[in-house]
Amino acid sequence: MNRDDLAALDSADPLALLRELFTLPEGMVYLDGNSLGALPRATAQRLHDVVTREWGEGLIGSWNTSDWISLPRRVGDKIARLVGAGPGEVVVADSTSVNLYKVLAAALSVAAEDAPDRRLVVSERSNFPTDLYVAGRLCAERGYELVAVDAPADIEALLPGAAVLMLTQVGYRTGRLHDMTAVTRQAHDHGVLTVWDLCHSAGALPVDLTAAGADYAVGCGYKYLNGGPGSPAYLWVRPGLADRFEQPISGWMGHAAPFEMSPDYRPAEGIGRYLSGTPSVLGIAALECGVDTLLAADEHGGLEAVRAKSLALTRLLADLVEQRLPGVFTVESPRADDERGSQVSLSCPEGAFAVVQALIARGVIGDFRAGGEEGPDILRFGVTPLYTRYVDVWDAVEQLSQVMESGEWREERFATRGAVT
Ligand SMILES: *Cc1c(COP(=O)(O)O)cnc(C)c1O
C-alpha cells in the first residue's frame, strides 16, 4: 500500500465531493474534527445574512418574520434524523453540560417515583470530566451516590441498586464505542433508566436512540456536527418520558405559552419543556449549516457510508503507525471495528504533548489529552469522513515518522502548554 493506492481510494470515494462543503486551510491535515469540526462554506454567508438582514433590518420583528423562535425545534428536527429520533423529539439548547443536568435531574425524578430505594447513579471514570462533575453535584443535592466504574464489565453488578446509568457512547480518550442497544437492554432488565451522551458519536456513525430504546440523550454541536466554537448543544427524551416531571431550569422558553407572561409556570408538552432561556439565534443558525453538511451525505450513502469510511480511515491510521513506527507508539483505541468510534488514540513512553506540538508545526492537527489515573497521556487523531481523505492519513503518518526520526519533538519550543490543549 502506497500513497498512490490511497489516492485511488479517494477517487473512488462516494463521499469525496462533500469535502467541497468545507473551507479547509491549504496544506493542512486536520484530524481534530472530533474536538472542533471544520468550517462549512455555507456558514459565513448564512451568519452574514442573519446579522445584517434578519437582525440589522428586521430587528425584533425577526422573531416572527424569520421564525427565530422555532429555531431550537427546527434544527432539533434535523439533528433527530442523525440520532434515530422522530420529529418534535429533539431541541437545541444551552451546552452539553447544562443539558446533562436537565435530563439527569428529570431521570432522577422519574426514578424517585418508580424505584425510590435505588440510590446509585452509575457511570465510568473514563467519562468526559464535565459529565462526572455535573452528575456528582446533582447526586449530592438529591441524596444519590455517583459510582464511576473503572471498566464496562464492572457496571452490571451495580445495576440492581442503580436508578440511572449515565454513559458516553464513544469515550473521548480511547474512542471506545458502547453497544447502546445491548447496554440499554441490560439496564432496562434491571429497571434502570439510561442517559446517553452522544458528543463523540452523533454525526460520526449511525445512532438510533429509538431502536436502542434509550431514555434520555444529550450531545454537542461543535464536534462532528460542525456547528462552530461554543455551538449550542441538543437533548432528546424518549417521548413517553418527556412529559413526566419538569426539568429543573424551568425558564420561560419551556413554558406552554411564554408570551402569556403568566407568573405561574406551566411546562410545555413534550420536549419543548426542556428549553430554558432565549435561544442563541446566531449559534443555532451556524449549527444548522453544520448539520446540513451531514444531511448532504444522504445522497451519497448517508451515515452508513460515513461509518464505513470512518472505520477504513481509522484502521488505516492504526495499521500505518504500527508498520512505520513499530514499538514507538501503542494504539490505545480498540482494534475491533464494532468497538471503535471515529478516532485513533496513541500513547508513547514520553513526550506525547511535544510530539503533538511538533506535528502541528508541520500542519498535521491532532490533539493531546493528559493521562493520569485514567491511563497514559494520549495523542488523539479524529477522522471526519466528510472531509478527511485517505491521503491525509498517509501524510499524517509520514509527518509523524519524520517528527520521531528527526527527534525534533525534543526541541524546547514544543514543550510549552497553552491554556487549551
Ligand atoms: C465535548 C464533550 C462535552 C462538552 O460539554 P460542553 O458543556 O459542551 O462544554 C461533554 N461531554 C462529552 C462526553 C464530550 O465529549
Counting only DSSP beta bridges with both residues in the chain, what percent are antiparallel, rounded to the nearest 5? 55
Compute the Rg/Rh shape ratio of the chain: radius of gyration over Kirkwood radius, all on alpha-carbon atoms. 0.98
What share of Cα pairs, in percent, lie more than 18 angstrom apart in the range 176-259? 52
Which of the peptides 299-308, 36-45 is most tightly packed, and how do the rest follow, going by the mean number of other Cβ atoms within 10 Å of each residue? 36-45, 299-308
What helix-only [θ] at 222 nm does the chain give? Using -39500 (n - 2.57) per DSSP H run of at least 4, over all residues, to the nearest 500, the answer is -11000 deg cm²/dmol
Kirkwood-based Rg over Rh for the range 265-421 (C-alpha set), two decimals? 1.08
Mind checking the angle between helix 129-142 and the chain's longest principal axis? C-alpha axes, 0 to 90 degrees, to the nearest 10. 30
With springs connecting C-alpha atoms under 10 Å apart, model the chain as a Gaussian network and identify which of Pro160, Pro334, Pro232 has the largest mean-square fluctuation. Pro160
Build a GNM of the chain with springs between Cα atoms under 10 Å: which of Val51, Val393, Val344 gets the top mean-square fluctuation? Val51
Just read off the accessible area of Met253 with the full protein assembly in place, 1.4 Å probe, to the nearest 10 Å². 20
Most to least packed among 245-251, 278-284 [average Cβ atoms within 10 Å]: 278-284, 245-251
Note: the range 211-254 at 10 °C, 1.306 mPa s; Kirkwood Rh on alpha carbon pairs; Stokes-Einstein D in µm²/s works out to 128
Connecting C-alpha atoms closer than 10 Å in a GNM of the chain, tell me which of Arg74, Arg369, Arg53 has the biggest fluctuation. Arg53
Return a whole-number percent for the relative contact order of the chain, with Cα pairs under 8 Å and 6 or more residues apart as the contact set. 22
For the Cα atoms of the chain, what angle does the longest principal axis make with the long axis of helix 390-406, in degrees from 0 to 90, nearest 10? 60
Quick one: putting +1 on the C-beta of Lys and Arg, -1 on the C-beta of Asp and Glu, what dipole do you get for the chain around its Cα centre, in Debye to the nearest 20? 460
Please report, to two decimal places, log10 I(q)/I(0) for the range 21-152 at q = 0.11, 0.12, 0.16, 0.18 Å⁻¹ as given by the Debye formula with identical point scatterers on the Cα atoms and no solvent. -0.67, -0.77, -1.06, -1.14
Could you list which residues have their amide H under 5 Å from that of Ala148, counting only those 5 or more apart in sequence or on another chain, with H placed in the peptide plane? Ser123
Where does each of Tyr274, Tyr265 land when they are ordered by accessible area, with a 1.4 Å probe and the largest first? Tyr265, Tyr274
Per residue convex hull volume, Cα only, the range 344-421, in Å³ is 101
Relative contact order of the range 212-332, defined on C-alpha pairs under 8 angstrom at six or more residues apart (%): 23
Would you please report the Å³ per residue occupied by the convex hull of the alpha carbon atoms in the range 81-131? 125
Quick check: the angle from helix 352-361's long axis to the longest principal axis of the chain, C-alpha only, nearest 10 degrees? 80
When the distances between all Cα atoms of the range 187-314 are binned every 5 Å from zero, what whole-number percent does each bin get? 2, 10, 15, 17, 18, 17, 11, 7, 3, 1, 0, 0
Using the alpha carbons of the range 295-349, what is the convex hull volume per residue in cubic angstrom, as a whole number? 77
How many angstrom separate the Cα center of the range 315-364 from the Cα center of the range 201-263? 34
Taking Rh as the Kirkwood radius, which is the inverse of the mean 1/r over Cα pairs, what is the Rg/Rh value for the range 88-224? 0.92
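The values are calculated or read from the model by the stated rules, or taken from the named source; none is laboratory data. As the structure is a prediction and not an experimental result, all values here were calculated from the model. Backbone-built Cβ (ideal geometry, glycine too); neighbour counts: all protein chains shown. Just the protein is used for accessible areas: all its heavy atoms, side chains included, with ligands, DNA and RNA removed. Shrake-Rupley method; radii C 1.70, N 1.55, O 1.52, S 1.80 Å.
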